[in-house]
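Let me begin by presenting the structure, written as structure tokens, before commenting on it.
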Amino acid sequence: MGEVYRARDEKLNRDVAIKILPAAFSEHPDRLRRFEQEAQAAGALNHPNILAVYDVGTHEGAPYVVSELLEGETLRERLGAQAFSLPLPQRKAIDYALQITRGLAAAHEKGIVHRDLKPENVFITNDGRLKILDFGLAKLVRPQFASEVDTNAATMRAHTDPGIVMGTVGYMSPEQVRAQRVDHRSDIFSFGAVLYEMFSGQRAFQGNSAVETMNAILKEDPPEISATNPNVLPAIQRIIQHCLEKSVEERFQSARDIGFALEALSGPSGTTAAAQGVTPAQSRRRWARLLIPVTLAALLTAGIFIGRPL
């Protein structure tokens, strides 16, 4: 959508990032107004898991956004650019997933839907904090943040009209594929696709063409994660399936609910099998190893008592 530059804020003595958008934005006053409204709303989020927006304006006909400058890598770079890669370590993936849900919950509570959540738009800083980037397709769904917001219009992308398919193929929700009106539950589906990739190392929906991929989103379920990652917790599989329901009514109804489900896996004391990332098969093997010496000790004790009278 534009070019990003590293710059220096001389007033506050800090490095920032400046994203300059196509000048075509300024040719359409309604589009420019929506862009400014939504950039201001995103700037008001002020959440540690969302990229901080410092300023928005126009220079020589080109709109721009000033945001914090991040150092690290995107989740896509961490996962790998290829279609098939190694899944993330389970404990790390749960931590990343929790941070994403917190950022999404903050945006949704402000009436902002991202509409383009994908690994490229999730940034991992050098200190392990996740930041949701690029609300370039973001959409206000609550009018109190800006007057006369057209919630049916495609916003913040040049040369788009209401009803056009928006998002990134492979991470779009079924309602996005159908070019229907979307709400925060569309982000939950996209998050499910990202979560699937973190735990399996594979894309949830992928075909030989964009049409085949979108058809899979509408009609098919991704393969069981256990096929590629046998150590994944069954609870993780259920959470992902619940996010990827085709019907919006059958999905998780809020990012906060997903966060609660993920937090239950970590446990307050860290003593449960789920907290330690132990699968049922691993748990059975641990009990088997413990049972062998206990059984031998019991047999030895029984032999001593039986041997005495003999």
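Mind sorting SER247, SER254, SER173 by how few other Cβ atoms lie within 10 Å of their own Cβ, fewest first? Walk me through the intermediate numbers first.
Details: SER247 9, SER254 17, SER173 27.
Fewest-to-most ranking of SER247, SER254, SER173: SER247, SER254, SER173.
Note down the nm distance, to one decimal, between modelled labels 7 Å out along Cα→Cβ at ASP183 and at SER209.
It is 3.5 nm.
Treat the count of other C-beta atoms within 10 Å as a stand-in for reagent exposure and order ILE20, ILE217 from fewest to most. Spell out each step's value before the answer.
Numbers: ILE20 16, ILE217 25.
Listed from fewest to most nearby Cβ atoms, that is ILE20, ILE217.
All other residues with a Cβ under 12 Å from the Cβ of ARG238 taken together, and with Lys, Arg as +1 and Asp, Glu as -1, what is their net charge? Mind dumping the intermediate values first?
Details: positive: none; negative: GLU224, GLU245.
Once positives and negatives cancel, what remains is -2.
Would you calculate the separation in nanometres between label points at ARG76 and ARG91, each defined as 7 Å from the Cα along the Cα-to-beta-carbon direction?
3.0
Given H placed on each backbone N at 1.01 Å, which residues far from VAL122 in sequence or on other chains put an amide H within less than 5 Å of it?
LEU75, ARG76, LEU133
Could you pull out the GluC sites (Glu not before Pro) across segment 54-129 that fall in loop regions by DSSP (anything but H, G, I, E, B) with no more than 12 other Cβ atoms inside 10 Å? Display every interim value, and only then the final one.
Working: sites: GLU60, GLU68, GLU71, GLU73, GLU77, GLU109, GLU120; in loops: GLU60, GLU71.
Those satisfying the criteria are GLU60, GLU71.
Which value in nm describes the separation of the simple spin-label points at ASN231 and TYR5, placed 7 Å from the Cα toward the beta carbon?
Between ASN231 and TYR5, the simple spin-label model gives 4.7 nm.
Neighbouring Cβ atoms within 10 Å as the yardstick, rank LYS92, LYS11 fewest first. Before the final figure, lay out the partial values.
Values: LYS92 15, LYS11 6.
Starting with the residue having the fewest Cβ neighbours, the order is LYS11, LYS92.
Given a Förster radius of 25 Å and the C-beta distance between GLU263 and ILE20 as r, what FRET efficiency does 1/(1 + (r/R0)^6) yield to the nearest 0.05?
0.05
For the pairs LYS110/LYS131; LYS19/LYS110; LYS110/LYS219, flag any whose C-alpha to C-alpha distance is greater than 25 Å.
LYS110/LYS219
Bear in mind these aren't lab numbers, they're just calculated from the coordinates by the rules spelled out. Remember, predicted model here, so these are calculated numbers, not experimental data. Cβ coordinates were reconstructed from backbone atoms using ideal geometry, including for glycine residues, and neighbour counts include every protein chain displayed.
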